[in-house]
1. Neighbouring Cβ atoms within 10 Å as the yardstick, rank 43, 6, 72 fewest first.
2. What is the calculated FRET efficiency for residue 60 to residue 34, with r their C-beta to C-beta distance and R₀ = 25 Å, to the nearest 0.05?
3. Please report 18, 44 as a ranked list, fewest other C-beta atoms within 10 angstrom at the top and most at the bottom.
4. Nearest 10 degrees is fine. How inclined is helix 38-47 to the longest principal axis of the chain, computing both from alpha carbons?
5. Compute the long axis of helix 14-25 from its Cα atoms, compare it with the longest principal axis of the Cα atoms of the chain, and write down the angle in degrees, 0 to 90, nearest 10.
6. How big is the Kirkwood radius of the stretch 5-74, worked out from every pair of different alpha carbons and given in Å to one decimal?
7. To the nearest 0.05, what FRET efficiency results for residue 45 and residue 15 with a Förster distance of 22 Å applied to their C-beta separation?
């Protein structure tokens, strides 16, 4: 079952790197969008108006949240 994984990230974000490492360790492909770009940042806020930090992770267009939300939901 392939899932669509999207990560909104910023440069020099250690939690963003940890989120990517999490997916890499599970062999899950993902798309990364650089929230350093104002247009991408705006898109992230449109998808999650409550976003105050990065990463913002979406799986199958459903908001997961940040790195700690990801780990709480999917680590076992």
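Every number in this text was worked out from the coordinates using simple rules, so none of it is lab data. The structure presented is a predicted model; accordingly, all values stated were derived computationally and were not measured. Note that we place each Cβ from the backbone using ideal geometry, even for glycine, and neighbour counts take in every protein chain shown.
1. In order of increasing Cβ crowding within 10 Å: 72, 43, 6.
2. Working from the Cβ atoms, E equals 0.70.
3. 18, 44
4. Long axis of 38-47 versus the principal axis of the chain: about 60 degrees.
5. For helix 14-25, the angle is close to 40 degrees.
6. 11.9
7. Efficiency, rounded to the nearest 0.05: 0.75.
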